[in-house]
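Peer 1: After the structure tokens below, expect a handful of questions from me.
The values are calculated or read from the model by the stated rules, or taken from the named source; none is laboratory data. Just so you know, these numbers come straight off a predicted model, no measurement behind them. Positions of Cβ are backbone-derived with ideal geometry, glycine not excepted, and every protein chain shown enters the neighbour counts.
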Amino acid sequence: MDQQSNAGKPTNQDPAPAGPPENRASQLLLGLIFGMAFGFLLQKGGVAKYEVLIGMLLLRDFTVMKVILSAVLVGMIGIYAMHAAGLVKLHIKPTRYGANTLGGLLFGIGFALAAYCPGTSAAALGQGNYDAVAVVLGMMAGSYLFAEASGWIARTINRWGDRGELTLDRWLGMSRAVFVPLMALVVVLVLVVVHFAIDATP
Amino acid sequence: MSTRSVLLQAAGMIVLPATRVWAQSDAIDPGTTGPAWSPYVVGGLIGVLSMVTFYFSDKPLGASTAYARVAGLLGQLVARRHTDALHFYAEKKAPKIGWEVMLVVGIVAGAFLGAWTGGEITARWLPPMWAERFGQSLSLRLGVAFLGGALMAFGARMAGGCTSGHGISGALQLSVGSWIALIGFFVGGMAAAMLMFYT
């Protein structure tokens, strides 16, 4: 049921894109343009705002959940369709039960304190929420601190439940062609329940 | 960008300033008005943007890596050999200005454009919701924000990504680790936020 584990293998996560020939300048420009689109959308979606982000964590405002689940719905269908057509490579991060859980919880605590996450900090800054600068500086400090500990973490925490690139369909033993539509249905159902029973978007 | 998102953005840039004429007052606090566009539309378009970045840049959307890279560059300025020898910078993400850093720079600019076209520039240091609960001390807010940022970055590196990298890109690819991380983000976040605001 589990895929072959990639535990112990050094993973350089900077492979050259297999698409158009790599031209550093054009990829830097594309990154900037895609980032602008992303930031524009994040701001219009309300997630550059302190009240919306904390509102989610206090279960008063479900905007964040609606944005994430809608993105997952469309992206899952679109990217897996392109993948089936051989148009894109997947970029699946390793599943490590220990590191994913512990890191997730730590992130969450920081998220409540800061209110802006890595992406929304940049968006919040663009919107004029100057306190996001402190979050940005904190994130750089925290990243470097992690780098200091990264050797030890790679030898210990990263080994707890290391399952390599594992997707939900494999984990459940289902074919992708069956699981993706099923997952789409589940996501739509959750969005319907959230919209009609909990927090209707005006 | 997809034609659709370009058209929608252009439409937004025309429609939104027009709607400002309707507003009772230009001084409505942007923080009290929620999202300017439907979150379903925004999310859907972010999904489309993910398809675009996969195809044109062979990269998933993600934000936390950018801060790690810049921190590495700063570390190299101060202590070159030490930084280069750290496991994370040697084996995982080399310190450099790459696609990921440009993405985050773009986010700032794009969000500015979004806020500006929607009349939602906040231009302030203290969110009212924070000040209501924790008072007017700016150094308190900045200190807590810094600490929060440090925890988030440490947690994101350990988990392998943040709400964009795992929560959007990883979740849409159905990665088990991403869904675990996403749930962790919100369990940890909700517990901490409720402790902060409800006790």
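Peer 1: Take the conditions within 7 Å of another protein chain (Cβ to nearest Cβ) and among the charged types (D, E, K, R) and apply them to A:R170. Does it pass? Walk me through how you get there before you give the answer.
Peer 2: On the way: within 7 Å of another protein chain (Cβ to nearest Cβ): no; among the charged types (D, E, K, R): yes.
Here the answer is no, as A:R170 does not meet what is asked.
Peer 1: Does the stretch B:97-145 hold any residues that are crowded, with 16+ Cβ neighbours inside 10 Å, more than 7 Å from every other protein chain (Cβ to nearest Cβ) and β-branched (V, I, T), and which are they?
Peer 2: Answer for the stretch B:97-145, where residues must be crowded, with 16+ Cβ neighbours inside 10 Å, more than 7 Å from every other protein chain (Cβ to nearest Cβ) and β-branched (V, I, T): B:V101, B:T117.
Peer 1: Search the stretch A:35-58 for residues being more than 7 Å from chain B (Cβ to nearest Cβ) and either surrounded by fewer than 24 Cβ atoms within 10 Å (Cβ to Cβ) or assigned to a helix (DSSP H, G or I) (or both), and hand back the single one that is farthest from the chain's Cα centre (by Cα). Walk me through it before giving the result.
Peer 2: Filtering the stretch A:35-58 for residues more than 7 Å from chain B (Cβ to nearest Cβ) gives A:47, A:53, A:55-56.
Still in the running and either surrounded by fewer than 24 Cβ atoms within 10 Å (Cβ to Cβ) or assigned to a helix (DSSP H, G or I) (or both): A:53, A:55-56.
On the way: A:L53: 16, A:G55: 20, A:M56: 17 Å.
Only one residue fits best here, namely A:G55.
Peer 1: Next up: From the list A:L145, A:L105, A:L182, pick out the single residue that is out of contact with any helix residue (DSSP H, G or I) (no Cβ under 7 Å at 6 or more places or on another chain) and either over 30 Å from B:Q76 (Cβ atoms) or at the interface with chain B (Cβ under 8 Å from one of its Cβ atoms) (or both). Walk me through it before giving the result.
Peer 2: Values: A:L145 fails: out of contact with any helix residue (DSSP H, G or I) (no Cβ under 7 Å at 6 or more places or on another chain); A:L105 fails: out of contact with any helix residue (DSSP H, G or I) (no Cβ under 7 Å at 6 or more places or on another chain).
Going through A:L145, A:L105, A:L182 in turn, just one is out of contact with any helix residue (DSSP H, G or I) (no Cβ under 7 Å at 6 or more places or on another chain) and either over 30 Å from B:Q76 (Cβ atoms) or at the interface with chain B (Cβ under 8 Å from one of its Cβ atoms) (or both): A:L182.
Peer 1: Take the conditions buried (at least 24 other Cβ atoms within 10 Å of the Cβ), at the interface with chain A (Cβ under 7 Å from one of its Cβ atoms) and in contact with a helix residue (DSSP H, G or I) (Cβ under 9 Å, 6 or more places away or on another chain) and apply them to B:A159. Does it pass?
Peer 2: yes
Peer 1: What are the residue pairs meeting all of these: first residue in the stretch A:171-182, first residue assigned to a loop (DSSP other than H, G, I, E, B), second residue at pLDDT 95 or above, Cβ atoms under 8 Å, and 6 or more apart or on different chains?
Peer 2: Listed pairs, sorted by first residue: A:M174/A:L182; A:S175/A:D169.
Peer 1: Quick one: which residue in A:G45, A:G31 is at pLDDT 95 or above and either touching an Asp or Glu at 6+ places or on another chain (Cβ under 9 Å) or over 21 Å from B:M190 (Cα atoms) (or both)?
Peer 2: Working: A:G45 fails: either touching an Asp or Glu at 6+ places or on another chain (Cβ under 9 Å) or over 21 Å from B:M190 (Cα atoms) (or both).
The conditions single out A:G31.
Peer 1: Looking at (1) under 16 Å from B:K59 (Cα atoms); (2) without any contact (Cβ under 8 Å) to a residue 60 or more places away in the chain; (3) more than 7 Å from chain A (Cβ to nearest Cβ), can you tell me which one B:S175 breaks?
Peer 2: (3)
Peer 1: Within the stretch B:34-104, considering only helices (runs of 4 or more DSSP H) that don't extend past its boundaries, which have at least 3 residues that are closer than 27 Å to A:K44 by Cβ and modelled with pLDDT of 95 or more? Reasoning before the result, please.
Peer 2: Working: elements: B:39-57, B:64-78, B:80-85.
Qualifying helices (runs of 4 or more DSSP H): B:39-57, B:64-78.
Peer 1: What pairs come out if I take residues in the stretch B:124-143 that are farther than 25 Å from B:F112 by Cα and pair them with residues that are part of a loop (DSSP other than H, G, I, E, B) and hydrophobic (A, V, I, L, M, F, W, C) whose C-beta lies under 7 Å away, six or more apart or interchain?
Peer 2: B:Q136/B:L126
Peer 1: Continuing with this model, one more query. Please find, within the stretch A:91-145, the residue that is farthest from B:F197 (Cα to Cα) out of those that are surrounded by 24 or more Cβ atoms within 10 Å (Cβ to Cβ) and polar (S, T, N, Q).
Peer 2: Among them, the one singled out is A:T95.
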